[in-house]
1. Looking at segment 76-93, is at least one residue free of Cβ contacts under 8 Å to residues at least 24 places away in the same chain, loosely packed, with under 13 Cβ neighbours inside 10 Å and of a type in the set (D, E, K, R)?
2. Mind checking which helices (runs of 4 or more DSSP H) fall wholly inside segment 20-106 and carry at least 3 residues that are of a type in the set (D, E)?
3. Can you name the residue in segment 107-122 that is part of a loop (DSSP other than H, G, I, E, B) and at pLDDT below 70 and is also surrounded by the most Cβ atoms within 10 Å (Cβ to Cβ) among such residues?
4. Would you check if R14 is out of contact with any strand residue (DSSP E or B) (no Cβ under 6 Å at 6 or more places or on another chain), assigned to a loop (DSSP other than H, G, I, E, B) and either of a type in the set (K, R) or surrounded by 15 or more Cβ atoms within 10 Å (Cβ to Cβ) (or both)?
5. Are there strands (runs of 3 or more DSSP E) fully within segment 123-182 with at least 1 residues that are under 13 Å from the mean Cα position of the chain (by Cα), modelled with pLDDT under 95 and surrounded by fewer than 20 Cβ atoms within 10 Å (Cβ to Cβ)? List them.
Amino acid sequence: MIESELYYLVKSYRDAIEQAHKKNRFCKWPFNQFPEACCGQASDILARFLGEQGIYTKVVSGSDSNTTHAWLVLDDSILQKNIQRAEEATDYEEVNKMNRILEGYGYNKEINIYPYCDLDSILRGCTIIDITGSQSQFRLDSKYFNYNIPIYIGEMDDFHNLFDINSINEFRNDDKLDNIYRIVQQYL
C-alpha cells in the first residue's frame, strides 16, 4: 500500500470521528471530548476500520510518569521480523518461572512473552499511526514538545519515544466500541 493511500484512509476516518463529534453524536465520555482522553478507543476503532480495508495493525500502549497514550503500528513484515528477533532473545527461563508461579496461584494460562521483551525495539523501523496526538495535554505542554499533529503516520518520533511501551495488542471490540464504530461509519 502506498503511504498516500494509507493517509487518505486514516484522514477520512479521523474526519468522520470529528464530524460525528461536532454533531454531538457521542453522548458519553470519552468520545464526547474527542480527541481528548480517547486515544485507546480511537485506536481500537481505527484498527477495526483499517482491518476491513485489508490493512492490519496492532494497538500500542505506552506511558510516562504523567499519562498514557495509545496509537497503532502496521502489522507488516518489519513488525513481524522485530517480534521474531525479540522472541529469539527472550529469556524463556524467566517466562517459565513466571508461569510456574502463576500456576501455583491457580492461573493456568501461559503468559505473553512481551513483558520480557524490549518493546521499544520491536517498534524500531515500523510505521505507526496516531490520530489523537493533538490532545491538549500534549499541545499545551513543552514536556511533550507541544505536540499538535492530528494525524501522524511514520516511524517512532521524539514524541512517541517519550512513552515507555507497555503493550502491543490486537484491537479491542466490545458493545460500547461497536456502537461508536457504527456512529462513525455514518460519516464516511
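The values are calculated or read from the model by the stated rules, or taken from the named source; none is laboratory data. Just so it is clear, the model here is predicted, and its values are computed rather than measured. Methodologically, a virtual Cβ is constructed for each residue, glycine included, from the backbone with ideal geometry; neighbour enumeration extends over all protein chains shown.
1. Yes, there is a match, as at least one residue in segment 76-93 is free of Cβ contacts under 8 Å to residues at least 24 places away in the same chain, loosely packed, with under 13 Cβ neighbours inside 10 Å and of a type in the set (D, E, K, R).
2. Values: elements: 39-52, 77-88, 92-104.
Of the helices (runs of 4 or more DSSP H) lying wholly inside segment 20-106, those with at least 3 residues that are of a type in the set (D, E) span 92-104.
3. First, pick out the residues of segment 107-122 that are part of a loop (DSSP other than H, G, I, E, B): 107-113, 117-118.
Applying the additional criterion that residues be at pLDDT below 70 yields 107-113, 117.
On the way: Y107: 11, N108: 8, K109: 8, E110: 12, I111: 14, N112: 12, I113: 16, C117: 20.
In this case the residue turns out to be C117.
4. Values: out of contact with any strand residue (DSSP E or B) (no Cβ under 6 Å at 6 or more places or on another chain): yes; assigned to a loop (DSSP other than H, G, I, E, B): no; either of a type in the set (K, R) or surrounded by 15 or more Cβ atoms within 10 Å (Cβ to Cβ) (or both): yes.
For R14, the condition - out of contact with any strand residue (DSSP E or B) (no Cβ under 6 Å at 6 or more places or on another chain), assigned to a loop (DSSP other than H, G, I, E, B) and either of a type in the set (K, R) or surrounded by 15 or more Cβ atoms within 10 Å (Cβ to Cβ) (or both) - is not met.
5. Working: elements: 128-130, 152-154, 164-169.
Fully inside segment 123-182 and qualifying: 164-169.
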